[in-house]
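Below: the structure, in structure tokens.
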Amino acid sequence: MQKIECVLLVDDDFASNYLTEMIIQDMNFTSQVYSVRDGKAALEFMQNHCVPAKGNNGYQCPDLILLDINMPVMDGFEFLDEYEKLQFNRQEPIFIILLTTSTNLRDVEKAKKYKVSGYLEKPLSDEKLKKALAQYNIEGLTG
């Protein structure tokens, strides 16, 4: 079982990030949650905290990324295109769950082209997140 030490939220919606952070705190499965507002900032976070030569600046590389699809600057799919080019110095997988309001079948089909662990519709609930994490044998879930 993998323990989630750090979660990265990638969403331009403050309310959604707040709700997601509250759910994560209530579920008590990680001690670190960071949030960024678009895919470009998420890519920079990953490059600064997960790619070997960059160091970690006191932050931990996320074990789980909750990624919105529709964002300004760089959307979720553009982030995934660039993310797949990164070279990580770690053995454990990084789980990516798309968390979106999009029910567009094209988005659902497009998501299947990427190495993502799940596709959840907003609003997030502890039940949805618990089910997604349990599917991947994540350690430390409460309740």
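The values are calculated or read from the model by the stated rules, or taken from the named source; none is laboratory data. Remember, it's a predicted structure, so these values are computed and weren't measured experimentally. Every residue, glycine among them, receives a Cβ derived from its backbone with ideal geometry; neighbour counts consider all protein chains shown.
Key figures
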{"item": "Residue list for region 20-31, filter: closer than 19 Å to L98 by Cα, of a type outside the set (A, V, I, L, M, F, W, C) and either modelled with pLDDT of 90 or more or surrounded by fewer than 17 Cβ atoms within 10 Å (Cβ to Cβ) (or both)", "result": "T20, E21"}
{"item": "Tabulated pairs, region 95-118, first closer than 18 Å to M71 by Cα and at pLDDT below 85, second not small (G, A, S) and not in a strand (DSSP E or B), C-beta under 7 angstrom, 6+ apart or interchain", "result": "S102/I69; S102/N70"}
{"item": "Some residue of region 50-71 being within 14 Å of the chain's Cα centre (by Cα) and in a helix (DSSP H, G or I)", "result": "no"}
{"item": "Tabulated pairs, region 123-138, first under 14 Å from K3 (Cα atoms) and of a type in the set (F, W, Y), second modelled with pLDDT of 85 or more and surrounded by 12 or more Cβ atoms within 10 Å (Cβ to Cβ), C-beta under 7 angstrom, 6+ apart or interchain", "result": "Y136/F95; Y136/S117"}
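Okay, residues lined up against (1) over 14 Å from K40 (Cβ atoms); (2) β-branched (V, I, T):
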| site | (1), (2) |
| --- | --- |
| L64 | yes, no |
| Y83 | no, no |
| N89 | yes, no |
| T101 | yes, yes |
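Okay, residues lined up against (1) over 17 Å from P62 (Cβ atoms); (2) surrounded by 15 or more Cβ atoms within 10 Å (Cβ to Cβ):
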{"position": "E84", "(1), (2)": "no, no"}
{"position": "L98", "(1), (2)": "no, yes"}
{"position": "K128", "(1), (2)": "yes, yes"}
{"position": "K131", "(1), (2)": "yes, no"}
{"position": "A134", "(1), (2)": "yes, no"}
